[in-house]
Every structure is written in C-alpha cells, then in structure tokens.
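Novice: I am attaching a structure below and will ask some questions about it afterwards.
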Amino acid sequence: MKEDEFFGYDVNTGMGCFMDTEAALYLQTYEDKRYKEDNDFYLYEEFEEALAQNYKHTWDWLVTRFHDKMDIAMFTTGFGDGMYPSFWGLDENGEPACLVTDFLIMD
C-alpha cells in the first residue's frame, strides 16, 4: 500500500458489526430464506428492539448470540457512513490475532 492508503472498514447506513465468517454465512442464509418467505423481511428488524435497549444519545450497540448459533457485535459507527482505518495484529506465526478499527471518535 502507498503511504497515504489504508485498509478500512466501509460503512453504509451508519451501522457496523463484527462477526466471523461462519456467522456471516449463517446470517446471509437466514436472510435469504426469510426474504423468500416474505418480501418485506428486513434483517435489521431482528436486532432493532435489542439495539434500542442499549441506546444512548447518538449511538447504540448490541453484543449477542443470534439464534444460539453465532456471536455478533453491532454498533453505530463514529461519524456514520464512510471508511474507517482498520489494523490487524498478527501472532508470532503471522496469523491474525486481533483487529482494531479506528472509528475516528477520539483525537
């Protein structure tokens, strides 16, 4: 990458989430199935009430085990839509060990 470039967390709708690949595949399969049953299905509604319970002025969050199958963390992001820099920490074998995303909310 060039000096002024970065890997980023792309946000649309001002909401973000962290989950592993297995969780993402499960959510996609679930959403596809529900949408075929009901064209008005909107996945966000599955989380809306729980997010509202954690609402603070201008932000909310939810850490949950969805359908007792997978873990997901959802949250409003920094300044809403845009690209937020993300950095992977690697272990001694060069494998990903942690992820840090800067949502640009602190100086």
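Novice: Against the definition (at positive phi and of a type outside the set (Phe, Trp, Tyr)), how does Asp68 come out, yes or no? So that I can check it myself, show each step before the final result.
Specialist: On the way: at positive phi: yes; of a type outside the set (Phe, Trp, Tyr): yes.
Criteria met by Asp68.
Novice: Let me ask something additional. Answer yes if at least one residue in the range 17-31 is polar (S, T, N, Q) and surrounded by 11 or more Cβ atoms within 10 Å (Cβ to Cβ), and no otherwise. Write out each step before concluding.
Specialist: Just the residues of the range 17-31 that are polar (S, T, N, Q), to begin with: 21, 28-29.
Applying the additional criterion that residues be surrounded by 11 or more Cβ atoms within 10 Å (Cβ to Cβ) yields 28.
Yes - at least one qualifying residue is present in the range 17-31.
Novice: Considering (1) within 16 Å of the chain's Cα centre (by Cα); (2) of a type outside the set (Asp, Glu); (3) surrounded by 10 or more Cβ atoms within 10 Å (Cβ to Cβ), say which one Val100 fails and leave the rest.
Specialist: Here Val100 meets the rest and fails (3).
Novice: When Phe41 is evaluated against the numbered criteria (1) open to solvent by 90 Å² or more (accessible area, probe 1.4 Å); (2) more than 20 Å from Leu99 (Cα to Cα); (3) of a type in the set (Phe, Trp, Tyr); (4) part of a loop (DSSP other than H, G, I, E, B), which criterion, by number, is the only one it fails?
Specialist: Here Phe41 clears every test but (1).
Novice: Do you know which of the residues in the range 45-87 that are in a loop (DSSP other than H, G, I, E, B) and free of Cβ contacts under 8 Å to residues at least 12 places away in the same chain is least open to solvent (accessible area, probe 1.4 Å)?
Specialist: The first filter runs over the range 45-87 and keeps only residues in a loop (DSSP other than H, G, I, E, B), leaving 54-55, 57-58, 60, 67-69, 77-81.
After this cut, where a residue has to be free of Cβ contacts under 8 Å to residues at least 12 places away in the same chain as well, the list is 54-55, 57, 68.
Working: Asn54: 41, Tyr55: 122, His57: 148, Asp68: 128 Å².
That would be Asn54.
The values are calculated or read from the model by the stated rules, or taken from the named source; none is laboratory data. Predicted model only: the values in this text are computed from it and were never measured. So basically every Cβ, Gly included, is an ideal-geometry build from the backbone, and we count neighbours across all protein chains shown. Remember, those area values only see protein heavy atoms, side chains included, never the ligands or the DNA or RNA. Shrake-Rupley method; radii C 1.70, N 1.55, O 1.52, S 1.80 Å.
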